[in-house]
1. Can you list residues from other chains, or at least 5 along the same chain, whose modelled amide H is less than 5 Å from the amide H of D:ASN358?
2. Show the residues, 5+ positions off or on another chain, whose built amide H is closer than 5 Å to the amide H of D:SER556.
3. If neighbour count is taken as other Cβ atoms inside 10 Å, put B:HIS8, D:HIS703 in order from fewest to most.
4. Suppose R0 equals 41 Å. What FRET efficiency, 1/(1 + (r/R0)^6) with r the Cβ-Cβ distance, do D:VAL360 and C:TRP117 give to the nearest 0.05?
5. Rounded, prolate or oblate, given the Cα gyration tensor of the protein assembly as shown, with a/c below 1.5 counting as rounded?
6. Just subtract the alpha-carbon distance of D:ASP745 and D:GLU704 from 0.36 nm times their residue separation and send over the number in nm, one decimal.
7. Please list, by residue number, everything in region D:364-399 whose backbone N is under 19 Å from a paramagnetic label point 7 Å out along Cα→Cβ of D:THR25.
8. With the Cα gyration tensor of region C:116-183 giving a ≥ b ≥ c as the square roots of its eigenvalues, does the rule (a/c under 1.5 for rounded; else a/b larger than b/c for prolate; else oblate) give rounded, prolate or oblate?
Amino acid sequence: MRWLAEVHVRLRPGIADPEGQTIAGGLRSLGFESVADVRAGKLLRLTFAAADRAAAEAAVAQMCSRLLANPVMETADWELSADEPAAVAVSS
Amino acid sequence: MRWLAEVHVRLRPGIADPEGQTIAGGLRSLGFESVADVRAGKLLRLTFAAADRAAAEAAVAQMCSRLLANPVMETADWELSADEPAAVAVSS
Amino acid sequence: MSRSPRVAVLVFPGTWSERDFAHVAGLLGWEARLLWHAELDLGDADAVVLPGGFAHGDHLRTGAIARFSPVMRAVEAFAAAGGPVLGSCNGFQILTEAGILPGVLLRNDHLEFRCDWQPLRVERSAGPWLGELAEGETIRLPISHGEGRYYADDAVLDELEATGRVVLRYADPDGRVVPDANPNGSLRSIAGIVNERGNVLGLMPHPERAAEAEVGGTDGLRILRALDAWLVAQPAAAERRL
Amino acid sequence: MARLTLEGEPAPVSIAAPAERHGLTEAEYGLVIEALGREPNAVELGMFGAMWSEHCAYKHSRPLLGALPSVGSRVLVGPGENAGALDIGDGLAVVFKVESHNHPSAVEPYQGAATGVGGIIRDIFTMGARPIALLNSLRFGPLDPAEDASGRTDEADAARNRYLLGGVVAGIAGYGNCIGIPDVGGEIGFDATYNGNPLVNAMCVGIARQEEITLARAAGPGNALLLVGATTGRDGIQGASFASAPLGEDRDERRPAVQVGNPFLEKLLMEACLELSGSPSVVAMQDLGAAGLTCALAELSARGGCGADVDLDLVPRREAGMSPYEVLLSESQERMLLVVRAGDEAAVQAVFARYELNAVVIGRVIGEPVVRAVAGGVPVCEVPGRALADDAPRYTPPAAPPHDLAARRAERLDDLAAEVPTAETLLDLLASPNVRSRKPIWRRYDHMNGTNTLVGPGAGDAALLRIKGTSRAIALSLDGPGRIGALDPRLAGTAAVVEGALNVACSGATPIGITDCLNFASPEDPAGYWQLAEAVAGMVDACRELDLPIVSGNVSLYNETPAAPILPTPVVGTVGLLDDRSRAIPMAWHAGDEIWLLGAPAWDAASLAASELAWRRGRFGGRPALDLGIAARVIALLTDLAARELLTGAHDVSVGGPGVALARLAIASGLGAELSLPDPAAQLPTASLFGERGGRVIIAARHEAAARIGAAAEASGVPAVRLGLAGGELLRLTCGDARLTLGIDQLVAAWSTPF
Ligand SMILES: Nc1ncnc2c1ncn2[C@@H]1O[C@H](COP(=O)(O)OP(=O)(O)O)[C@@H](O)[C@H]1O
Ligand SMILES: [Mg+2]
């Protein structure tokens, strides 16, 4: 069956994030002074097939560790859900 | 009080996503042949202050429409949560 | 070794400076071979160059997908056996993603692409690529990148320093390593490093763009030309077959 | 023939509403029926709507363009192909063209600019030439209301303009840097008329072996039509008609889906196509741009005098459920159509396969001169290629100068001209957005890739690139005429050509040909059409006088917002040839050099008309002028002096006049000078120092050469005045009572004002 994984790739805490800082600055200058911090990361929406949830979980875990995140500076977490045909049409 | 918003910035359906295509190709060539599609987006983690949840919701909605997402190509959705001091430490 | 060096210049989908390396190889009288990333075998190469460019469009992360190219297995073995490897710009990024060199190259701190001539302080003058440079001298090479901010954790950085593996630092025209001279926010102003054995050099600048006075300088030629002398001093290198 | 109908499509239409929808007038709809001998079906109507749009059909400009000289001994390929080509010797050709992407950049600046660059690069390698350089010419509204003396820019406009500038520059950098073609030059200008309607003109230059030049002409019935590159999505449908109407408030509904550029894919496409150029298996190549597959099929057929028969089901899709209409009109980027010799399909496909690119045979060339497509086995269109590509109506609408032009031209600037300027006057000009250093912008472009760049951005009036394997170099410039168009569009056309030629001549090269991009407002407004016609006439004047062919170009009309039409903006790309690049001339002077000004004297108030100084003072009138005959002689003289190695430096006089030109030389050389303008200049010091009359150049020479330069100038009828000597820490300018003394550091500080 088809699965949808929303993978969040985040910069490790403590690593400088100039993009996040720039966005925070932009927000403050637009009047959102209460913005204390912004961290920028990647959002990857994967559509793929796997026999069952366990297999799907394992696949995503592997995709993250092998390619999607670089452990030197990133971490990854994700949400997995069974994929509706409708969603496929949209995503493709 | 302090709030944490995880903003997901996504390309609108139908807009070409070269990065997503490349990542999908990369995953397939790594042996994850079942990957049908990848869409790449941004993950923005905002820490900010607002009086209550309603005010926080309104602020995020405005930040998205005014800066975080480019309406011509992107949409934004988010999850809002009250921010624990601990989380702040991590995020900053 | 009397014959001219045989150099394999790798070509990944989206890299471009292989063409400029090939041009300089011509000036040096090298036998340069452009090798497509899908190849499995480096042949009888004496040295390997990973060029600059945007392999796979720099999508996901620079070098993230290219590191899995079939040819990279041969490069790993070649490097491990002490063969001379040079990775410039995108080539450096690929070497770090592949774990052949430590650390990673992140987006420039000012978030902009930057193309300019950049003074560099030479911290070490040994090995296949640095032999013609003098320790402490200031050279000029072009930089041209959007993601050149070198990052590694403190332990790694300290070890690099302690073992003399930081070979090039961004500097001002007088060779002073000062924050204002750092074009991308690299930690400790690192522009180039080598591996433990010193046979693998990764640097963000483009030596192949500084090989003729006509185009602005020749310090890059001194880096690439050093290979000839080094190979002569290493009979083993000529025999090496992988 | 029987009228076509098809499933999944609206039933065949009759007149009005749908015709409206595709931007065709009822009269044009009538012409469509004539061309077909029947009513078009919905798909065919869409094809005509796109192909007969101003953007594709040049309905209002083609009659004018016909007057542009396009022949010459070096011309290998003139207008009509994807790009023009000139003979540069050694069996090589320089292939070049400029194209606009104004409307898409107004909507989404990053992708608009990026896909503009991608499109012009495709035009070059489609010809079998390897692209070696990019240039770009940009126009934006003011970035700061305080910079707009006309008071038409508020903070909201300025904020939008800053956003557009940032996005456009990032888009140009993003595409060019990734694909690996150096961006070596161009220009940026600011004026309130570009508020909300920026101009993004991109030029690409390539080098080809003459025998490998590939044309876009289908031939040989039975040959395969190979669609290569990106998959097809709903991108940019109706982009052509979008670019053929003003940017209105209703922008949003009419807006086609934003096209996203993929420079990585185009890099692979480029390498594969170049590997095939010159191969007998490839009969023709055509990129897919405006109006997508429809335009490519129509142009290939029309140019080749044959036809095409394609099966749309074979087109690789990115999106599900696309209609035949959408497939035929999609403007998805990074696609090419090749005509491949029957039997060689597999061999050609193998090349693309190595680069991991789609390459699908979607149909065949046919003898009958029609474009025919089937979908799901059902015919969806059958249209004569010529009807689509060539038979759009041509219009010569009424033309009339803007009602207020006479009044504006009558304005006298004598008071301004007579003012005694100070050092502050010069520093203020140096810091102006239209003058200040562009380095913050061009350092974001890779300008060294390919190691051919001898003179890059900021270092000269023209970029200079070596041709490896020869002693030659080519000089490149992309330039517009500033604000002259506001007061005299005809002169603007002339001045644009003159400035381009002068720019390349300043590097010692001989101008050999040009490409042009005509950015104008609506031709349906008599003033708009008059401006276009005048500018073209002015370009014709200059091309004749300078004996320069125009081998390619582009027209972008309807550049206006509800607020205002843009300044008439003809942009000219000039190519110069330097046979012996060791004789190139730098933009610099050296201690002890004699400094001269060559060209028609301009010591009169009118020389301030349309100048940066006048604009900054809110003086928008006057009568600009230019002596074309003398300008032509100056250009010839420069080339001659360079060849005789009599010059140590040169720089043309443009924005900011002689004052700014001299300051720029001092900055570039890090060296001052002691200079004074001749007596006739003394009465009107502001006009003499900061007037912008074209066709003038500052030269530097060793003392020993000065005499021979004077003689050569005299012999060729070029007025020449000696201004003084270079040297010292200070730039000293004297003109009558005006005595300006500035330190190099002062000049640098003002000129380095950030954006
Ligand atoms: N202003 C102009 N001057 C000269 N030639 C022009 C001009 N505008 C367009 N052309 C020529 O008309 C042809 C069609 O132009 P265009 O539609 O921009 O080409 P493309 O289909 O490659 O985008 C090209 O050969 C182009 O060089
Ligand atoms: Mg074209």
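1. Placed amide hydrogens put D:GLY229 under 5 Å from D:ASN358.
2. D:LEU518, D:ASN519, D:PHE520
3. On the way: B:HIS8 19, D:HIS703 10.
Least crowded to most crowded, the residues run D:HIS703, B:HIS8.
4. On the way: r = 46 Å, r/R0 = 1.11.
Efficiency at R0 = 41 Å is approximately 0.35.
5. rounded
6. Full-extension gain reported as 11.7 nm.
7. Counting only backbone N, you get D:388, D:390-399.
8. On the way: a/c = 1.60, a/b = 1.07, b/c = 1.49.
Oblate.
Values quoted throughout were computed directly from the atomic coordinates according to the rules given, and no laboratory measurement underlies them. Every value quoted in this text rests on a predicted model; they were computed, and no experiment measured them. Glycine gets a Cβ as well: all are built from the backbone with ideal geometry, and neighbour counts include every protein chain shown.
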